[in-house]
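**Q** Quick one: structure below, then a few questions.
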Amino acid sequence: MAYTIAVAGKGGTGKTTICGMIIDYLCSNSKTPILAVDADANSNLNEVLGVDIETTLGEIREEVARAELAAVSPIPAGISKMDYMETKFANALIEEKDFDMLVMGRSQGEGCYCYVNGILKTQITKLAQNYKYIVVDNEAGMEHISRGIVKKIDVLLLVSDASRRGVQAAGRIAEIVREMGLNPTVMGLIINRAPNGFVPQGLGDEIEKQGLSLLGVVPHDELVYEYDSQGMPTSQLPEGSVSKKAIHEIMAKLGA
């Protein structure tokens, strides 16, 4: 079974950037092959990793939905809709040197979001046996955690910025995980973009109140903003980057 690392947290906390750095760490330490999963409808993990997307699972779902309504179906005669979709899903897998990537994307149809979630869950289940690691970048909030798109989570990293609201959101996600009985081997908090790399006393008190285990602190890093503003993949920050160094130290401590 693949070792699964899931990253979750409130929107705007930098979880996707952290997810990219985790994948970079695994690649740098030859912990491959890796399946990177962008489970956020607002997909941008590919930009963090410097990967181009040709299609998403959501786009394929929409294509097939349109085909069902078309006067002349683009689905070749003699091929069932399910076989056609499976072929398309296989083509949606982006293959890189050290990792492959699957992007959920989103669909336009009303009520279709649950359906795309189901597609993603099915594809991960089929592909899991081919990889040593699976790294999942979840959408902001608790949606994918509550729907269980992966059967097991070995490490659940809850990401917050240096704010009480971010920590409280992480606490709510942790509570849902406990209620669902997911039982990850490790579940802990990462404070991202911390000024001077420190957690103030008040924030530390809130972390304790939420019953969260603090795995590490990632300092504010101007290089992240420089790379992002120039359209450069933030997963490829130099080794001297304070944020990259912090993530690598956290991963080494976890033994992942």
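**Q** Please calculate the 1.4 Å probe accessible area of K31, with all protein chains present, and give it to the nearest 10 Å².
**A** 50
**Q** Still on this structure, please answer the following. Tell me the angle of helix 113-127 to the major Cα principal axis of the chain, expressed in degrees between 0 and 90 and rounded to the nearest ten.
**A** 90
**Q** Can I ask one more? For the chain, calculate the relative contact order in percent as a whole number, restricting contacts to Cα pairs under 8 Å that are 6 or more residues apart.
**A** This gives 28 percent for the chain.
**Q** Percent antiparallel among DSSP beta bridges with both residues in the chain, to the nearest 5? Could you put the intermediate results ahead of the total?
**A** Details: 2 of 34 bridges.
Taking every DSSP beta bridge within the chain, about 5 percent pair in antiparallel fashion.
**Q** How much accessible area per residue does the chain have, in Å², with a 1.4 Å probe?
**A** That works out to 47 Å² for each residue.
**Q** Using a 1.4 angstrom probe on heavy atoms only, work out the carbon and sulfur share of the accessible area of region 145-212 in %. Spell out each step's value before the answer.
**A** Working: 1540 of 3270 Å².
Here carbon and sulfur together make up 47 percent of the probe-accessible area.
**Q** So what does L189 come to for accessible area, using a 1.4 Å probe and Å² rounded to 10?
**A** 0
**Q** Excluding residues fewer than 8 places away in the same chain, name every one of the lysines whose C-alpha is closer than 26 Å to that of K245.
**A** Correct list for K245: K10, K15, K31, K97, K132, K253.
**Q** What is the Cα centroid distance between region 200-256 and region 4-71, reported in whole angstrom?
**A** Rounded to whole Å, the Cα centres lie 20 Å apart.
The values are calculated or read from the model by the stated rules, or taken from the named source; none is laboratory data. Not measured: the values here are computed from a predicted model. Heavy atoms of the whole protein, side chains included, go into the accessibility calculation; ligands, DNA and RNA do not. Shrake-Rupley method; radii C 1.70, N 1.55, O 1.52, S 1.80 Å.
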